[in-house]
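In what follows, a single structure is set out as structure tokens and then discussed.
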Amino acid sequence: MLHLSSGSTDRPKVARRGLTSVLQDAEGYRTGLGLVPGDRVAVPVPLVHSFGWGIAVGALLSGCDIDVAPFVRAGTLARKADSGAVSVLALTPPVARLLIETRRQGESAPRAAMAGAGSVSDELDMAFQERFGVPLLRGYGSTETGGTFFGDHGMGRPVPGVDIVEPLPGERGELVLRLVAPVEGYLGDNQEPVQEWRTGDIVRHGTDGCVYFEQRVRGPLRLNGRFIRADITEQVLRSVPGVTDAFLLVLPRSDSPETEDFYAVVEGTASEEELLAALATVSARTPVPRVVVCDRLPRTRVGKRDRGALIEIVRKVSRRG
């Protein structure tokens, strides 16, 4: 199988998935959701992404029916759950948040619901349970591996065939996995499949075996021919009260593409003045980005930050001078 990555951290790439990986992915969803013949699974997320495709294949191999109608209105999907037309929901956190605002339209309740491709707050989980009567199970994975974690807290626990290499229980660090199914990399990279996969996510590994996401590892960005410590800039921005998310970009100028500019799109209530004051404390060797503040970072239909939309926001600000 070939899957296009979301492009939330870099340009989209075509990931390769072998049969063993596909079957392991399907087994993870089957056991995690307890799928049985007769279930009707709603998958209102794009099947071209590995999350939607993986759970759809897992449901079909478990003898379930699937409803893959795209998400258009929250009320339509909620009605299917309230009427018993679907028994299992596969959602993203943004879709789950829209569903909790709907009014009940029947006496039925889904048997299970999960939210993948994004983090789930305790507040959202409680609100979903109050509205639909079931908790939001968590799921975690990547385009390159398929689903790797499933559970009711944090990111969950590894599914069968996945082991945590790093960090050790009780520690924090980049999540490194060892998988039974080889990770085949990207189309055209000519690399040999590997059994260990560095996810690029910083997590906390609880002593109970549950894993909690903390932040994404950002590699060094290249600005006008030299590498800069983007991780320092992002850490400073996230430390400002009122900031809930931040995304850094290096883009060529439209009128002189040989010159690049550094931008930070920041989500939250902090002012530009507060953000620039915090950045002023960073070493002079780390360039200060041009800051763009918005109420909420644009996200894709699967809940990931939409790099294309972020670039458009920056371009609009640039055109205004």
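Derivation of every value follows stated rules applied to the coordinates shown; laboratory data play no part. What you see is a predicted model, and the numbers here were worked out from it, not measured in a lab. Positions of Cβ are generated from backbone atoms using ideal geometry, with glycine treated the same way; all protein chains shown enter the neighbour counts.
Proximity of backbone amide H atoms, modeled 1.01 Å from N, is registered between A113 and L89, L137 at under 5 Å, excluding neighbours fewer than 5 places apart on the same chain.
Qualifying GluC sites (Glu not before Pro) in the stretch 125-187, where qualification requires a DSSP coil assignment and no more than 14 other C-beta atoms within 10 Å, comprise E171. Positive-end ranking of G188, L124, G34 along the dipole of the chain, with charges on Cβ about the Cα centre, is headed by G188. Among the GluC sites (Glu not before Pro) found in the stretch 230-275, those both in a DSSP coil and sparsely packed, with 12 or fewer other Cβ atoms within 10 Å of their Cβ, are E258. Amide hydrogen proximity for G200: with H placed 1.01 Å from N in the peptide plane, the residues at 5 or more positions away or on another chain lying under 5 Å are L175. Just to confirm the filter: which chymotrypsin sites (Phe, Trp or Tyr not before Pro) across the stretch 124-224 are DSSP coil and have at most 15 other Cβ within 10 angstrom of their Cβ? The qualifying sites: there are none.
Roughly how many debye, to the nearest 20, is the charge dipole of the chain about its Cα centre, given +1 on each Lys and Arg Cβ, -1 on each Asp and Glu Cβ, and no other charges?
Numbers: 39 positive and 40 negative charges, 160 e Å.
Charge dipole of the chain: 760 debye, to the nearest 20.
What's the magnitude of the charge dipole for the stretch 175-321 around its Cα centre, counting Lys and Arg as +1 and Asp and Glu as -1 at the beta-carbon? Answer in Debye, nearest 20.
On the way: 22 positive and 21 negative charges, 51 e Å.
So the dipole magnitude of the stretch 175-321 works out to roughly 240 debye.
Computed about its Cα centre, the charge dipole of the stretch 2-159 is approximately 320 debye, with only Lys, Arg, Asp and Glu carrying charge at their Cβ.
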